[in-house]
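Below you'll find the structure, written out as structure tokens, and then a few comments.
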Amino acid sequence: MAKKSYFVRYTTIVKALKKGEKSYQEICKSIEDAYRDYGLEPLSYSLRTFQRDINDILSLFEIEIACNSESLYYIKANDSAYKEMNMRMIEDFDLSHTIRFQNNVEQYIMLQSSNIRGTEYIHPLLSACDHRKAVKFSYRFVWQEYTASRMVYPHGLKEFDHMWYLVAWDPQKKGIRTFGLDRIQDFEVTEHVFKRQENFSMEKYFEHYYGIWGGDEQYDGPVVIRLLSTAKYANYLKAVPLHHTQKIVEEDEFECLFELRLTPSWDFTQKLMTMADQVQVVSPESLRDELVEALEYGIGYQNCVDEDDEY
């Protein structure tokens, strides 16, 4: 029970400070409410205990909490991927316990079934990245519909659209390649030590990409993309930007013109297809033509079904 109470305090402090600066008294009130909600015995929460919790949060989750001149506490900015993962873990803990202690939960919540495979490889792959060990596996290529053996040099992992991908140097292809963890089988970390690609950075590599796959060959690099959105859909794009370079160029009560700088790719075209009734590609013309072609193909494919056929 003691360990649980510690974690309740850690998650409550982080949740409270994610909303903004808080005083020690406000944090005490949040912890008091959390203890009551979780059915824990009331706690006399001293400033000394609070300071110890702050130190624990830093060492356990790499989340640094500071105090300003007005005696208000806040979370210091930190772009660490480790911090981001721990933020998610804290949110997951809070969600799981909220569900656990809610009566008749099946009446009020519906979860999407998850069948994500390959997450068991994350730990050994991170270790292989750190120790520069090559990995071997059988890989199922979905589009080509075949399986091949690969030995690659892992350089990192990337999450996209609720899936995990290995980013690795493929000596057979002489280049960086991405592999979906859900399509990996017969995985093995070898004793072969490799030399990491000089100056390789995951952040730099994907800086101008949307998604996981590289840009189309017809583009030498990132291009300026302008998207004209309905005012209604613009609210969504403002809340969930397509890319870190996204900015608003013009806006009125009817439409909003966005500008991005990235390398168009299959992933990006697929995303544009999902909002084609609300967002128009203004430029470049080549991307608009590609989107129109994809949409026309989709319409043609839908119209080719013979209603007399039985499936």
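The values are calculated or read from the model by the stated rules, or taken from the named source; none is laboratory data. Every value quoted in this text rests on a predicted model; they were computed, and no experiment measured them. When we count neighbours, we look across all protein chains shown, and the Cβ atoms used for this are built from the backbone with ideal geometry, even at glycine. Quick note on the areas: whole protein, heavy atoms, side chains included, nothing else; ligands and nucleic acids left out. Shrake-Rupley method; radii C 1.70, N 1.55, O 1.52, S 1.80 Å.
Taking all Cα pairs closer than 8 Å and separated by 6 or more residues, the relative contact order of the chain comes to 10 percent.
Accessible surface of residue 73, taken over heavy atoms with a 1.4 Å probe and every protein chain present, rounds to 30 Å².
Find the relative contact order for the stretch 169-277 and round it to a whole percent, using C-alpha pairs within less than 8 Å whose residues are 6+ positions apart. Each step should come with its number before you reach the end.
Details: 113 pairs, mean separation 31.3, N = 109.
Averaging sequence separation for qualifying contacts and normalising by length gives 29 percent for the stretch 169-277.
Of 89, 273, the order by accessible heavy-atom surface (1.4 Å probe, DNA, RNA and ligands excluded), from most exposed downward, is 89, 273.
With a 1.4 Å probe rolled over the protein heavy atoms of all chains, the accessible area of 145, 285 falls in the order 145, 285, largest first. Accessible-area rank, largest first, for 75, 109, 299: 299, 109, 75, with all protein chains present and a 1.4 angstrom probe. Accessible surface for residue 52 stands near 120 Å², nearest 10, in the context of the full protein assembly shown (1.4 Å probe).
Work through the residues other than residue 54 whose Cβ is under 12 Å from its Cβ and net out their charges, Lys, Arg +1 and Asp, Glu -1.
Working: positive: 9, 48, 52, 76; negative: 53, 56, 64.
Net charge in that neighbourhood comes out at +1.
The angle between the Cα long axis of helix 285-303 and the longest principal axis of the Cα atoms of the chain comes to about 80 degrees, rounded to the nearest 10.
In terms of the mean number of neighbouring beta-carbon atoms within 10 Å, the peptides 37-44, 290-297 order highest first as 290-297, 37-44.
Heavy-atom accessible surface of the chain, averaged per residue, reaches 65 Å², computed with a 1.4 Å probe. Here the Gaussian network model covers the chain, with springs between Cα atoms less than 10 Å apart; of 225, 54, 248, 54 fluctuates the most. Calculated from the structure at hand, Cα Rg over 2.2 N^0.38 Å is found among [x] 0.95; [y] 1.19; [z] 1.25 as [z].
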